[in-house]
Amino acid sequence: LYCMSILGPRWTKRYIDRTLQAAPAPMGTPALFPSYACGLPSVHIPKGLEEKLAHITSTWPCMLAALPLTVGGVETFDPNYPFVKTPSRHYCFGDIGLYLEHMADMESD
């Protein structure tokens, strides 16, 4: 992934046919934004446990560590791409801390 991000799309298209990602991405993943906000959406559990499980999983430290981040000084995500869109604002790469603060504020309400 590092080579693909540094050497660019032309190099990647020429030398990489496909990838198999068998471990957590070192640069994080935008897929965790809804998981952090709502719990684990792909888990099938009784409705009565859903809210409790969502609260528990959103407090796991690994959730924060796996959000998008800079790796070795390389911006692996477009800094202007909105990972989260709400009616009142968009949260881009530089807003991840603010997003977490806003989520914490909503939890305390």
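No other residue among Pro82, Pro68 is touching a strand residue (DSSP E or B) at 6+ places or on another chain (Cβ under 7 Å), under 14 Å from Pro34 (Cβ atoms), part of a loop (DSSP other than H, G, I, E, B) and of a type outside the set (Gly, Ala, Ser) apart from Pro82. From the set of residues in the range 44-95 that are crowded, with 16+ Cβ neighbours inside 10 Å and aromatic (Phe, Trp, Tyr), which is farthest from Pro30 (Cα to Cα)? In this case the residue turns out to be Tyr91. Within the range 73-85, is there a residue that is of a type in the set (A, V, I, L, M, F, W, C) and either at pLDDT below 70 or out of contact with any Phe, Trp or Tyr (no Cβ under 6 Å at 6 or more places or on another chain) (or both)? Looking through the range 73-85, at least one residue is of a type in the set (A, V, I, L, M, F, W, C) and either at pLDDT below 70 or out of contact with any Phe, Trp or Tyr (no Cβ under 6 Å at 6 or more places or on another chain) (or both).
Here His102 meets each of (1) modelled with pLDDT of 75 or more; (2) assigned to a loop (DSSP other than H, G, I, E, B); (3) farther than 30 Å from Met4 by Cα with one exception, condition (2).
Please tell me if Thr29 is touching a Leu at 6+ places or on another chain (Cβ under 8 Å) and either surrounded by 12 or more Cβ atoms within 10 Å (Cβ to Cβ) or at pLDDT 90 or above (or both). For Thr29, the condition - touching a Leu at 6+ places or on another chain (Cβ under 8 Å) and either surrounded by 12 or more Cβ atoms within 10 Å (Cβ to Cβ) or at pLDDT 90 or above (or both) - is met.
The values are calculated or read from the model by the stated rules, or taken from the named source; none is laboratory data. The model shown is predicted, which means the values in this text are computed figures rather than measured ones. Please note: Cβ atoms are built from the backbone with ideal geometry, for glycine as well, and neighbour counts cover all protein chains shown.
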